[in-house]
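Every number in this text was worked out from the coordinates using simple rules, so none of it is lab data. What you see is a predicted model; the values in this text were computed from it and never measured. Neighbour counts run over all protein chains shown; Cβ positions are idealised from the backbone, glycine included.
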Amino acid sequence: MARRPHGRPERAKPTGPRTNRDIRASRVLLIDENGEKQGEMPIDAALDAAREAGMDLVEVSPNQEIPVCKIVDYGKMRFEAQKKKAAAKKKQKTQELKEIKFRPNIDNHDYMVKAKKIREFFEKGDKVKITLRFRGREMAHQHLGMELLNKVKTDFEDDMKIELEPKLEGRQMTMVMSPVK
């Protein structure tokens, strides 16, 4: 990057539409603050009209043969756009991955408590990872773990779809489910 004289940093280019004196065209198609078409005119006349209205001249459609400019309050326009963007982001739901841990010899009541929690996660729209941990001699009875995961599958088959089938990784068996929308 070349150094600028006197150590001044290079001015950042604005990211939004061009306004007022930044508009490069010599003639523009003007739309006034009420949304009515005023027709084609020189840029100076359009700037005068914007100044009289106490607003800014904003280039709405720069890629036309004759650029379209509108008289608006630029600060208010940016604020409204920012508000709309924030509202869209707020409505957006991110799907989280929640984990529920089981043991192969889980009691019926404990299973029901965990099943209730899984249902809550599905209602919120989250994915659920079911982890089944084997300890010691339980590794000899992996079929019990598979039966338990199959029971979970059958209990929730109408509410979810399987993203990752049950698989054994070391001493853990895992399965990932996501809600059906």
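Using a Förster distance of 30 angstrom, determine the FRET efficiency expected from the C-beta separation of Phe79 and Asp32, and round it to 0.05. Display every interim value, and only then the final one.
On the way: r = 21 Å, r/R0 = 0.70.
Taking R0 as 30 Å, the efficiency between Phe79 and Asp32 is 0.90.
Against the globular-protein guess of 2.2 N^0.38 Å, express the Cα radius of gyration of the stretch 97-162 as a ratio, rounded to two decimals.
1.12
Could you give the length gained on full extension between Glu99 and Met112, defined as 0.36 nm per residue of separation minus the Cα-Cα distance, in nm?
Details: separation 13, 0.36 × 13 = 4.68 nm, distance 1.59 nm.
So the chain would gain 3.1 nm between Glu99 and Met112.
For the stretch 25-96, run through the trypsin sites (Lys or Arg not before Pro) and keep only the ones in DSSP coil with at most 10 other Cβ atoms within 10 Å of their Cβ.
Numbers: sites: Arg27, Lys37, Arg51, Lys70, Lys76, Arg78, Lys83, Lys84, Lys85, Lys89, Lys90, Lys91, Lys93; in loops: Lys93.
In loop regions of the stretch 25-96 (DSSP not H, G, I, E or B), the sparsely surrounded trypsin sites (Lys or Arg not before Pro) are Lys93.
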Where a label projected 7 Å from the Cα of Glu52 along Cα→Cβ would reach, residues of the stretch 14-37 with amide N under 17 Å: 28-37
Sorted by Cβ neighbour density within 10 Å, fewest at the top, the residues Ser61, Ser26, Ser178: Ser26, Ser61, Ser178
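Can you compute the helix-only [θ] at 222 nm over the chain? Use -39500 (n - 2.57) per DSSP H run of at least 4 residues, normalise by all residues, nearest 500 deg cm²/dmol. All intermediate terms of the calculation are to be shown ahead of the outcome.
Working: 4 runs with 60 residues, N = 181.
Estimated from H runs of four or more residues: -11000 deg cm²/dmol.
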Violating pairs (Cα-Cα greater than 22 angstrom) within the set Lys127/Lys167; Lys84/Lys127; Lys124/Lys181; Lys90/Lys181; Lys117/Lys161; Lys98/Lys124: Lys84/Lys127
Equivalent ellipsoid semi-axes, the chain, via Cα gyration tensor eigenvalues times 5, rooted, Å: 65, 21, 13
Within straight-line cross-link reach of Lys70, aspartates and glutamates at Cα separation under 15 Å, skipping those fewer than 8 residues along the same chain: Asp22, Asp32, Glu33, Glu36, Glu40, Asp44, Asp48, Glu52, Asp56, Glu59
